[in-house]
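Notes follow the structure.
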Amino acid sequence: MHGMSVPPKWRSVGLWLLASLVFTSVTANLLTARTVWDGVYTEAQAARGATAFGQSCAGCHALAAEGKAPLVGDAFWKSFAQKSVGDLLEYVSANMPNGSPRSLSESTYRDIVALMLKSNGFPAGNTELRSETIANVQIVQKDGRTELPSNALARVVGCLARSGDDWVVTRATTPERAERAPGGDATKPLGNRTIPLKFVVTRLDPLAGSRVAVSGLLIGADGADGINVTTVSRVAEKCP
């Protein structure tokens, strides 16, 4: 039996089965990916969070879209779009209460995050929010959009070019959070957008025609009106 060749038709069947298994695995992962719209906290937990928030957080933050350091609406999306509930929990634990971070119990921080989710209109579920269950629960719009809001600190990769007197990034990638952008800038697939670069204070002529990574504050949702630039760095000599 050693060295016996496999008939072509059986090789084809084997390849088909392998492809089917890969497709099934990928599909299962997509179907099981959870978001804030899947109910990741309970009403009772959010109620406990309201008590804790009133005692430890209300003096510095507003559970509304306006007011002192708001935690709802645009302010929430600006800080946490494209992140996970695990990131949100870590942020709250590391920064609240003001001046005494990590001074509350882990369960109290979880209750406060549950309240923040409720206050931002995300539905409750049947299982309490726990660190091990929400690490990868994504914070996305209800329709699945992951765009970043105006003024979010973001990063794009593309081709640096002139447009009249202004600089632009052509073939730009979708804006990602600057602190979360993965590596591989020199080889990652580019997009089809052109994003204007605003308030550029450094000389970019030596980088013209290069593939660059640009970080800055988005002007308009997902940088519809450009990026208020903080850094521009070359990641490849030629572009694309």
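Structure notes:
- Taken about its Cα centre, the stretch 111-240 carries a charge dipole of about 300 debye when Lys and Arg each add +1 at the Cβ and Asp and Glu each add -1 at the Cβ.
- By the rule of a second cysteine Cβ within less than 4.7 angstrom, the chain holds isolated cysteines at Cys57, Cys60.
- Comparing Leu63, Leu104, Leu148 in a Gaussian network model of the chain, where Cα atoms under 10 Å apart are tied by springs, the biggest mean-square fluctuation is seen for Leu104.
- Sites Gln55 and Arg34, calculated FRET efficiency, Cβ-Cβ separation with R0 51 Å, nearest 0.05: 0.95
- Cα shape, the stretch 153-236, gyration tensor, a/c 1.5 rule: rounded
- Where both bridge residues fall in the chain, DSSP classifies roughly 85% of the beta bridges as antiparallel.
- Using the average count of surrounding beta-carbon atoms within 10 Å as a protection proxy, the listed peptides 109-117, 153-161, 192-200 rank, highest first, as 109-117, 153-161, 192-200.
- Between Ala94, Ala152, Ala81, the residue with the greatest mean-square fluctuation in the GNM of the chain (Cα pairs under 10 Å linked by springs) is Ala94.
- Label separation (Lys238 vs Ser100): 6.2 nm, computed from points 7 Å beyond Cα along the C-beta direction.
- In a reduced charge model with +1 at each Lys and Arg Cβ and -1 at each Asp and Glu Cβ, the chain shows a dipole moment near 640 debye about its Cα centre.
- Taken along the Cα-to-beta-carbon direction at a fixed 7 Å, the label points for Val200 and Glu90 span 3.4 nm.
- Largest mean-square fluctuation among Thr170, Thr127, Thr35, in a Gaussian network model of the chain whose springs join Cα atoms under 10 Å apart, belongs to Thr127.
- Ellipticity at 222 nm from helices only: DSSP H runs of n ≥ 4 in the chain, each -39500 (n - 2.57), divided by the residue count, give -10000 deg cm²/dmol.
- Shape of the chain, Cα gyration tensor, a/c cut at 1.5: oblate
- Here each label is just a point 7 Å from Cα along the line to Cβ, and for Asp225 and Thr127 those points are 4.3 nm apart.
The numbers here are math on the coordinates, done by the rules we state, and not lab data. Just so you know, these numbers come straight off a predicted model, no measurement behind them. Virtual Cβ from ideal backbone geometry, glycine too; neighbours counted across all protein chains shown.
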